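Each remark here refers to the structure printed beneath this line.
Quick note: the coordinates plus some simple rules give every number you see, no bench work behind them. Predicted model, so just to flag it, every value in this text is computed and none were measured. We place every Cβ from the backbone using ideal geometry, glycine too, and count neighbours over all the protein chains shown.
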C-alpha cells in the first residue's frame with residue numbers, strides 16, 4: 001500500500017492538494033506490516049495537479065492521498081485514477097498514515113473562517 005501526503009514543508013500535512021508540488025510518500029510493507037517513508041517528491045510547478053494534464057503522474061500510482069484540503073473536482077479526478085483522497089485536520093504525516101493503514105478515523109479539517117465583510121445590495 002502506497003500513501004502520498006501533501007506537505008509543502010516536508011514536515012506537516014498541508015492544504016491545497018491541487019496546487020501542492022511537494023509530497024511525502026509512505027509505504028506499508030505487506031510482509032512486516034511496518035510503515036516507512038519511501039521518498040519526498042518535489043515536483044516542478046507544471047506537475048501540480050492544477051496544471052498537469054495527462055495520465056502518467058506519480059500520484060496516480062498511490063492508493064491514498066492524505067491532505068488538509070482539496071476541491072470536489074480534485075477528489076473526482078483522483079478517484080478516476082484509483083486514488084482515495086483523505087482530508088484531515090491532523091498535521092503529523094506519520095500519525096495520519098498510520099490511522100489510514102489501520103482503518104481508524106482522522107480528525108476533520110478545521111472549518112474555514114468566513115469573511116466578515118458586509119454584503120452590499
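The figures follow:
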| quantity | calculated |
| --- | --- |
| Fraction of beta bridges assigned by DSSP in the chain that are antiparallel (%, nearest 5) | 65 |
| Neighbour-count ranking [beta-carbon atoms within 10 angstrom, fewest first] of 16, 36 | 36, 16 |
| Label-reachable residues, the range 36-62, where backbone N falls under 12 Å from a point 7 Å from residue 98's Cα toward its Cβ | 36 |
| Inter-probe distance in nm under a simple model that places probes 7 Å from Cα toward Cβ, at residue 81 and residue 19 | 2.0 |
| Within a Gaussian network of the chain (alpha carbon springs, distance under 10 Å), most fluctuating of 70, 48, 32 | 32 |
| Whole-angstrom gap from the range 72-106 to the range 35-56, using each part's C-alpha centre | 16 |
| If the convex hull is drawn through the Cα atoms of the chain, its volume per residue in Å³ | 134 |
